[in-house]
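The values are calculated or read from the model by the stated rules, or taken from the named source; none is laboratory data. Computed from a predicted model, the values in this text were never measured in an experiment. Note that each Cβ is placed from the backbone with ideal geometry, even for glycine, and that neighbours are counted across all protein chains shown.
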Amino acid sequence: MSLTLEVRGLRTHFFTRAGVVKAVDDVSFSVARGRVLGLVGESGSGKSVTGFSIIGLVDPPGRIVSGEILFRGRDLTRLPEEEMRQLRGNRIAMIFQDPMMTLNPVLRIDTQMIETVLAHAKVSREEARARARDALGMVGIPSPEERLSAYPHQFSGGMRQRVAIAIALLHRPDLIIADEPTTALDVTIQGQILAEVQKLAAETGTSLIWITHDLSVVAGLADEIAVMYAGKVVEHGEVSAVLDSPLHPYTAGLIGSVPSRNARGARLKQIPGMTPSLLNLPPGCAFRSRCDRASPACEADPPMRELAPGRNARCIHPLLPAEA
Amino acid sequence: MSTTTAPPPRVETPLRRFAAEFAESRIAVGGLVVFVLIALGALFAPWITPQNPYDLMQIDIMDGRQPPGTSGGAGFTFWLGTDDQGRDMFSAILYGLRISLLVGAGSALIAAMVGASLGLIAAYAGGRTDSAIMRLVDLQLSFPAILVALMILAFLGKGILNVVLALVIVEWAYYARTVRGSALVERRREYIEAAHCLALPTHRILFRHLLPNCLPPLIVVATMQVARAIALEATLSFLGLGVPITEPSLGLLIANGYQYMLSGHYWISFYPGIALLITIVSINLVGDHLRDVLNPRLKR
Amino acid sequence: MTVYLLRRLFQAFGVVVAMSVLVFVGVYGIGNPVDILISPDADQMERERAIRALGLDRPLWEQYVWFVANALQGDLGRSFAYNEPALQLILQRMPATLELAFAAMILAVAIGLPLGLYAGLHPHSPASKAIMAGSILGFSLPTFWVGLMLIMLFAVHLGWLPSNGRGATAEFLGVQWSFLTANGLAHLAMPAFNLALFKISLVIRLTRAGVREAMLMDYVKFARAKGLSPRRVTFVHVLKNILIPVVTVTGLELGGTIAFSVVTETVFSWPGMGKLIIDSINRLDRPVMVAYLMIIVLMFVVINLLVDILYTVLDPRVRIEGKAA
């Protein structure tokens, strides 16, 4: 099984005036060709920064401090900016959270699509336009030829996200990073987009990193799941295994918070407390202040351990399968 | 990304926090220090200056147009030179600053009172009163200040009071717009509701409850407007429409020196200009930073 | 769009009417109209005859109607100093002022936009800090004093540029222009730069703020994620969004520039409307003052209207909403 992406020990820190924010702190995972990885966590857990680190768009005061991002064997952290630019939108594409904000409001759809084609392929404008039209058709936009000359504000949110997806698919990339692309959409549209992306990824052999805070999205879409908390991956494994019997108390808490999984009338479980500030985070397990299994031993950094075949978690007191 | 900082342990009053945040910018603190020095210099001009430049007994036409650094007959050095009448420019500048600052600060203060009151009334009364006042504001703001001031002075004639009046007419609209904007937001808050329930008189609600909460943006606008007023007064005086020759401001000093500049007596115009420049820049530096500190939208 | 345009036209008309009332009250209410409309040299008999002939014994509203009727026929009185119709006098000087104002606006955008763009893209570089400090200076420096310093440096000290007048002019479209001759351009350079100084600072600040805001927008990040070259991101995605406010404000400032040319024209003895109005005020040539004011009002209203239309053309969002209305 060939790996599209392998992230090893990635640390992305933000050097603010108030101190260092360790947004991503020692994150490792890999994505095989054609597979879907769900990157799950609350807001501020570092999942989006991980995505931006991979595509090389971490803006100052943030920067990748250490670690490797191997994309088809090449370390992206060492790549010159110009070579990185040639990969972006071409071999690695990204879809953003808010479709209302991702398209430039003053440029027509065709301009924004054609420029993407021309940035990476030596083709004529007509050819580029034809590719743009085909891509729009592929993501299910009716009468794509006419819609090409429209402005973004003439589209609904769902349609705009389809345009963004079409742009991401223009060069049939090896990897798409989708940063909560359905959170801003209606539930019905969400479902359509999910199905569409799943189909397209399968057809083109594209690997997918799906960043979300919504476990129910991951359940139906991903092959593997990595749960992030306070800049670290706390649990990693096959999606069904993790959801059925989480090892890390935080994962268990997340699953418990999903309303649909609880019986009607039963009290919704919740994780007490708040996500800690990443600024000057003390050492040790970041979850221990909210964890009912915490002990003094948790004040030392728990290492990532393989607790079952293909199952990793960063916890000293992991849940036993029966407890979940 | 959460970047909330833990609050410092000592007790924080709003004023102390404001002072601490203001002190963060060294440039702004520098501006404030310079401005305070200038204001003190202007205030105590009669005790600081080596001569009273408008006491004819103290000036000697024989000292006319001396370059900076020459010693005069009166026994002191003209560090900034003299004008055509033999006036010490340093003394003339400090006396000129008094007029400039008086006109600038005075007009800003009156305009702030008029504008803030109208802004409050507009926001509080709403409806027709509001739209009538705001129409007037829009109309006023759509014409450049210099033009309006020019016309008012053209019809009224020179004089310090006329200049102040013209500046007030030019400036009130900025305050009205600012105060109305924040008052509209504050009006919906609970404490105003509470004041209504207590059946407090309207003027008390307006000026005791609403106004103090609209102060931060008002202070920012006022700071900037003082600088603007000083510059505008100087411009009007330079054009010969501002203060009379008997009470020369910096602008008039510059205008007087203008004719000697082409013959190489640069200092008569140059130094009053530098004084004007330092005054305006120092106020603007303070105002620029005040806006950053007091604007909640820019808070990290 | 038509509805929108009509509404704007109606508003513009309202402003003109309101201003004509203000001017009327200013001239006829505050000042003594006899002084304004009758030469101060006239004797008592002549004055009384004139008062009756001019209808100054009539009620104020009747006088206003009469004032408007004359104004509509292009009669805004005769200048005492030149003994010419005031309107004609001003129109003769207008090209010089417009030339100066447009040259200043072009300079403002040509200098301000690149500097603002740079400062916005590299907010922490020393050069950007210098640019921003310069822009505070540009805001703070009184125009007339900068003008004097420019003359001192370039005319008196270095002797590179002439200090006053329009220089040689050439005819184009039946009007004399300075920018068509080398000598005229040399005369235009300093006053135009002087007048532009404030606008340069304004354009720098607007552009910088716009760039910094745009750089944080998802659409810019998305454009970068598409692998576009930095140049295309900056000059297409960022710049096109910034142009809207910059063009609007620059356009709106045209009126202010024309008004402010009063100062520059006085400093550089530029023979435009501004110099004329200062001379007229000093000579108490009030018909010229009134005519100038009315023309400026009209000019402002037209400029504001044009900027609104331009804005609509530039921003597709406004364009569509206008169509829907």
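Going through C:R224, C:R232 one at a time, which residue ends up being within 14 Å of chain A (Cβ to nearest Cβ), assigned to a helix (DSSP H, G or I), buried (at least 21 other Cβ atoms within 10 Å of the Cβ) and modelled with pLDDT of 85 or more? From the options C:R224, C:R232, the qualifying one is C:R224.
From the set of residues in the range A:16-55 that are assigned to a loop (DSSP other than H, G, I, E, B), within 14 Å of another protein chain (Cβ to nearest Cβ) and not hydrophobic (A, V, I, L, M, F, W, C), which is farthest from the chain's Cα centre (by Cα)?
Residues of the range A:16-55 assigned to a loop (DSSP other than H, G, I, E, B): A:17-18, A:33-35, A:41-46.
Then keep just the ones that are within 14 Å of another protein chain (Cβ to nearest Cβ); that gives A:17-18, A:41-46.
Then keep just the ones that are not hydrophobic (A, V, I, L, M, F, W, C); that gives A:17, A:41-46.
Details: A:R17: 28, A:G41: 10, A:E42: 12, A:S43: 12, A:G44: 13, A:S45: 12, A:G46: 10 Å.
Among them, the one singled out is A:R17.
So which residues in the range C:76-105 are more than 20 Å from C:T169 (Cα to Cα), of a type in the set (A, V, I, L, M, F, W, C) and surrounded by fewer than 19 Cβ atoms within 10 Å (Cβ to Cβ), if there are any at all? The one that is more than 20 Å from C:T169 (Cα to Cα), of a type in the set (A, V, I, L, M, F, W, C) and surrounded by fewer than 19 Cβ atoms within 10 Å (Cβ to Cβ): C:A81.
Check C:I296, C:I278, C:I320, C:I258 and return the single one that is facing another protein chain (nearest Cβ under 10 Å) and at pLDDT below 80.
Numbers: C:I296 fails: at pLDDT below 80; C:I278 fails: at pLDDT below 80; C:I258 fails: at pLDDT below 80.
Of C:I296, C:I278, C:I320, C:I258, the one residue that is facing another protein chain (nearest Cβ under 10 Å) and at pLDDT below 80 is C:I320.
Within the range B:157-164, can one find any residue that is surrounded by fewer than 17 Cβ atoms within 10 Å (Cβ to Cβ), of a type outside the set (D, E, K, R), within 11 Å of another protein chain (Cβ to nearest Cβ) and more than 22 Å from the chain's Cα centre (by Cα)? Within the range B:157-164, one or more residues are surrounded by fewer than 17 Cβ atoms within 10 Å (Cβ to Cβ), of a type outside the set (D, E, K, R), within 11 Å of another protein chain (Cβ to nearest Cβ) and more than 22 Å from the chain's Cα centre (by Cα).
Residues in the range A:271-312 that are among the aliphatic types (A, V, I, L, M), under 25 Å from the mean Cα position of the chain (by Cα) and closer than 20 Å to A:L254 by Cα were compared, and the one that is farthest from the other protein chains (Cβ to nearest Cβ) is A:L307. Pairs linking a residue in the range B:133-154 that is under 16 Å from B:V168 (Cβ atoms) and more than 8 Å from chain C (Cβ to nearest Cβ) to a residue that is among the acidic types (D, E) and buried (at least 22 other Cβ atoms within 10 Å of the Cβ), with Cβ atoms under 6 Å and 6 or more positions apart or on different chains, do not occur.
Working only within the range A:236-295, note down all residues that are modelled with pLDDT under 80 and on the phi > 0 side of the Ramachandran plot. A:G265, A:G273, A:N280, listed by residue number.
Sub-6 Å Cβ pairs linking a first residue in the range C:274-297 that is closer than 19 Å to C:V17 by Cβ to a second residue that is buried (at least 24 other Cβ atoms within 10 Å of the Cβ) and among the small types (G, A, S), at least 6 apart or interchain, are C:A291/C:A86, ordered by first then second residue. Scanning the range A:72-88 for residues that are within 14 Å of another protein chain (Cβ to nearest Cβ) and either closer than 14 Å to A:G51 by Cα or surrounded by fewer than 20 Cβ atoms within 10 Å (Cβ to Cβ) (or both) turns up A:L76, A:L79, A:P80, A:E81, A:E82, A:E83, A:M84, A:Q86, A:R88. Of the residues C:S135, C:S163, C:S125, C:S178, the single one that is touching a residue at least 60 places away in the same chain (Cβ under 8 Å) and farther than 24 Å from B:L250 by Cα is C:S178. Do we find a residue being without any contact (Cβ under 8 Å) to a residue 24 or more places away in the chain, surrounded by fewer than 21 Cβ atoms within 10 Å (Cβ to Cβ), β-branched (V, I, T) and in a helix (DSSP H, G or I) anywhere in the range A:107-114? The answer is yes; a qualifying residue exists.
For (1) within 10 Å of chain C (Cβ to nearest Cβ); (2) of a type in the set (A, V, I, L, M); (3) surrounded by fewer than 24 Cβ atoms within 10 Å (Cβ to Cβ), each residue gets a yes or a no:
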{"position": "B:L215", "(1), (2), (3)": "no, yes, yes"}
{"position": "B:V226", "(1), (2), (3)": "no, yes, no"}
{"position": "B:A231", "(1), (2), (3)": "yes, yes, no"}
{"position": "B:L250", "(1), (2), (3)": "yes, yes, no"}
{"position": "B:Y258", "(1), (2), (3)": "yes, no, yes"}
{"position": "B:I268", "(1), (2), (3)": "no, yes, no"}
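Considering the range A:173-193, the residues that are more than 14 Å from the chain's Cα centre (by Cα) and within 12 Å of A:R162 (Cα to Cα) include one that is surrounded by the fewest Cβ atoms within 10 Å (Cβ to Cβ), namely A:Q192.
What about C:P245, is it at pLDDT below 85 and facing another protein chain (nearest Cβ under 7 Å)? Talk me through it step by step, then tell me what you get.
Numbers: at pLDDT below 85: yes; facing another protein chain (nearest Cβ under 7 Å): no.
So C:P245 does not fit the description; no.
Taking A:P272, is it free of Cβ contacts under 8 Å to residues at least 40 places away in the same chain and either farther than 30 Å from A:H120 by Cβ or part of a helix (DSSP H, G or I) (or both)? Spelling it out, A:P272 is indeed free of Cβ contacts under 8 Å to residues at least 40 places away in the same chain and either farther than 30 Å from A:H120 by Cβ or part of a helix (DSSP H, G or I) (or both). Among the residues that make up the range B:67-83, is at least one of them modelled with pLDDT under 75, closer than 18 Å to B:L252 by Cβ and more than 30 Å from the chain's Cα centre (by Cα)? No, the range B:67-83 contains no residue that is modelled with pLDDT under 75, closer than 18 Å to B:L252 by Cβ and more than 30 Å from the chain's Cα centre (by Cα). All conditions but one from (1) surrounded by fewer than 19 Cβ atoms within 10 Å (Cβ to Cβ); (2) within 30 Å of A:M101 (Cβ to Cβ); (3) more than 14 Å from chain A (Cβ to nearest Cβ); (4) hydroxyl-bearing (S, T, Y) apply to C:T250; the one that does not is (1). A:Q86 meets all of the listed conditions (1) over 19 Å from A:I141 (Cβ atoms); (2) in a helix (DSSP H, G or I); (3) under 20 Å from the mean Cα position of the chain (by Cα) but one, namely (3). Residue-level check: of (1) surrounded by fewer than 16 Cβ atoms within 10 Å (Cβ to Cβ); (2) touching a Pro at 6+ places or on another chain (Cβ under 9 Å), A:R91 misses just (1).
Listed here are the residues, each with its yes/no results for (1) at the interface with chain C (Cβ under 9 Å from one of its Cβ atoms); (2) out of contact with any strand residue (DSSP E or B) (no Cβ under 8 Å at 6 or more places or on another chain); (3) buried (at least 16 other Cβ atoms within 10 Å of the Cβ); (4) not in a helix (DSSP H, G or I).
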residue: B:A199; (1), (2), (3), (4): no, yes, no, yes
residue: B:L236; (1), (2), (3), (4): no, yes, yes, no
residue: B:L241; (1), (2), (3), (4): yes, yes, yes, yes
residue: B:P272; (1), (2), (3), (4): yes, yes, yes, no
residue: B:L277; (1), (2), (3), (4): yes, yes, yes, no
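For the condition assigned by TED's automatic domain parsing to the domain that holds A:D186 and crowded, with 21+ Cβ neighbours inside 10 Å, what is the one hit in A:V65, A:V21, A:V58?
Numbers: A:V65 fails: crowded, with 21+ Cβ neighbours inside 10 Å; A:V58 fails: crowded, with 21+ Cβ neighbours inside 10 Å.
Within the list A:V65, A:V21, A:V58, the selection yields A:V21.
C:G165 falls short on exactly one of the conditions (1) within 27 Å of B:F270 (Cβ to Cβ); (2) surrounded by fewer than 22 Cβ atoms within 10 Å (Cβ to Cβ); (3) within 13 Å of another protein chain (Cβ to nearest Cβ), and that condition is (3).
Restricting B:A255, B:A229 to those that are within 18 Å of C:I136 (Cβ to Cβ) and outside any loop (DSSP other than H, G, I, E, B) reduces the list to B:A229. When the criteria are applied in full, B:D138 fails the requirement of being of a type outside the set (G, A, S) and in contact with a Gly (Cβ under 9 Å, 6 or more places away or on another chain). Counting the residues of the range A:83-134 that are of a type in the set (K, R) and under 14 Å from C:L228 (Cβ atoms) gives 2.
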